[in-house]
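The values are calculated or read from the model by the stated rules, or taken from the named source; none is laboratory data. Since this is a predicted model, take the numbers as computed values, not measurements. So basically every Cβ, Gly included, is an ideal-geometry build from the backbone, and we count neighbours across all protein chains shown.
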Amino acid sequence: MPYDPYQALYLHVPFCVSRCLYCDFATRAMPADDPQITRYVEDLVMQIRRAGKQGELAGVETVYVGGGTPSHVGSRHLSQLLYALGLSMHLTPEVECTVECNPESLDERLVRDMWALGANRLSVGVQSFDDRLLRVLGRAHTADEARRAVDAALTRFENVSVDVMCGLPGQSAEDVRASAEEAVRLGVTHVSVYPLTIEDHTPFARMVMRGELVEPDDDVEAEHMEAAAEVLEGAGLHRYEVASYAREGFESRHNTAYWTGKPYLGLGLSAATMTQNATRRMRRQDGQVTDDLNPAQMLAEDLMLGMRMSRGVSDELLARASALLPAARGVFEGLARDGLAVHEGGRWCPTSRGWLCGNELYGRIFDLAT
């Protein structure tokens with residue numbers, strides 16, 4: 001049985017000016033003029049063209065150039081990638097095309113070049129507008145550079161997102177609130193709020209092992225997430241996903257594709273690809289199969305991912321899932337009884353408590369497939 005066409009494309013640019021202390025992504029710190037970057041970008045261009053010739057990009061509706069720090073590689077390399085996309089697929093204004101940027105490498109010239117070549121959304125990795133916390137994270141930029149970068153992005157792009165982190169060592173709820181307020185003041189249309197996670201094999205993990213750093217506290221992170229939500233929702237950015245807030249019409253379509261089971265193609269080092277049809281869903285990374293789901297597991301995953309979104313899961317999807325997962329309705333009724341979900345308007349939606357107790361919410365749903 002043929003696989004459904006890809007609807008989203010992810011391009012991985014694994015280079016940064018330096019590695020942050022919490023980062024476990026597939027990235028390398030090297031100068032922007034290193035010949036390795038040129039060779040990598042040229043190979044990625046060939047992968048894009050090959051995918052285009054094979055028809056794999058014909059149904060793509062969203063593109064995300066992530067990393068690493070794509071803006072670190074500079075205008076010439078990013079222009080090569082965006083130009084290759086323009087030749088290999090229908091990179092029309094209707095296609096959401098996001099480029100990740102960090103403040104230390106984003107200026108008005110790069111903004112103009114990306115805009116001219118078809119990008120229409122920028123995601124700026126701010127993490128905090130507090131210099132003290134930026135130093136804790138090992139970020140390569142200052143708060144003032146972050147403000148200047150967002151201002152530069154807004155000279156051409158209406159659709160600008162920033163990332164803000166919470167649960168950081170020495171961070172208070174007021175610190176989180178201040179960064180959220182600054183993002184609103186600058187005029188961005190989308191904010192993602194991520195709690196710190198200590199990943200294996202990172203400097204932060206080694207610091208925890210040595211007793212130099214305390215692991216994030218779940219209750220503190222919940223307090224921080226609530227503080228951010230109060231500021232952002234009060235400013236008119238609605239929470240459409242557990243960690244994402246947007247003005248109406250500026251929700252990330254690419255991220256939503258991941259949460260709604262749309263097939264996606266990943267090109268570049270460690271980029272993941274998801275293929276599916278009615279009987280199978282597979283994820284591959286670096287040539288290895290990381291997930292291979294049967295129809296029942298696919299439906300359990302769709303229910304779980306659906307509850308990351310504020311719109312939740314429709315009665316129709318739950319009914320379809322119940323045909324293969326007879327316990328599904330009982331699980332959702334239990335979530336509602338426990339205050340983790342609510343049933344209204346023909347949909348099962350997560351509550352704020354459900355999002356704060358995400359491990360329990362998602363675990364109970366995904367256990368349906370075991």
List the pairs whose first member sits in segment 27-51 and is in the same structural domain as A84 (by TED's automatic domain parsing), whose second member is among the aromatic types (F, W, Y) and in a loop (DSSP other than H, G, I, E, B), and whose Cβ atoms are under 9 Å apart, counting only residues at least 6 apart or on separate chains? A51/Y6
All positions within segment 46-83 that are modelled with pLDDT of 95 or more, in contact with a Phe, Trp or Tyr (Cβ under 7 Å, 6 or more places away or on another chain) and small (G, A, S): G59, G66
Condition (residue is surrounded by fewer than 15 Cβ atoms within 10 Å (Cβ to Cβ) and either touching a strand residue (DSSP E or B) at 6+ places or on another chain (Cβ under 9 Å) or polar (S, T, N, Q) (or both)) applied to segment 62-77: is it met by at least one residue? no
Residues of segment 105-154 classified as of a type outside the set (G, A, S), under 23 Å from L87 (Cβ atoms) and buried (at least 18 other Cβ atoms within 10 Å of the Cβ), total: 7
Kindly provide the set of residues from segment 109-138 that are within 19 Å of the chain's Cα centre (by Cα), closer than 18 Å to Y194 by Cβ and assigned to a loop (DSSP other than H, G, I, E, B), ordered by number. S128
Residue list for segment 155-194, filter: surrounded by fewer than 19 Cβ atoms within 10 Å (Cβ to Cβ), within 20 Å of S252 (Cβ to Cβ) and over 18 Å from the mean Cα position of the chain (by Cα): R156, E158, V184, G187
Of the conditions (1) closer than 17 Å to H12 by Cβ; (2) surrounded by fewer than 22 Cβ atoms within 10 Å (Cβ to Cβ); (3) not small (G, A, S), Y83 satisfies every one except a single condition; which number is it? (1)
Pairs needed: first member in segment 314-338, over 16 Å from G363 (Cα atoms); second member anywhere, of a type outside the set (S, T, N, Q) and in a loop (DSSP other than H, G, I, E, B); C-beta distance under 7 Å; at least 6 residues apart or different chains. S314/G346; D315/G346
